[in-house]
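Here the structure is laid out as structure tokens; the discussion comes afterwards.
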């Protein structure tokens, strides 16, 4: 988790668990159709998965991790804020 995410979580501005749960359940958030298709392929091939969620008009929350249906929940990942 980036320091920016941690700071917003401590301030009560952002609740990352909500978005991580969505990501783990295959809800990729606010992605273009081709990015959604790339994620679907990544689940089969083990490539990187991306998700992006609009938290406020000026704040996006993103997550990325290695994909695989077999080990998706256990794969290491990255949580970041895109402003």
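FYI, it's all coordinate maths here, none of it is from the lab. Here the structure is a predicted model, which is why all the values come from computation and not from measurement. All Cβ positions, even for glycine, are placed from backbone atoms using ideal geometry, and neighbour counts span all protein chains on display.
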* Packing rank of 51-64, 29-42, where each peptide gets the mean count of other beta carbons within 10 Å, highest leading -> 51-64, 29-42
* Structure fact -> Dividing the mean separation of Cα pairs under 8 Å (6+ apart) by the residue count of segment 14-57 yields a relative contact order in percent of 41
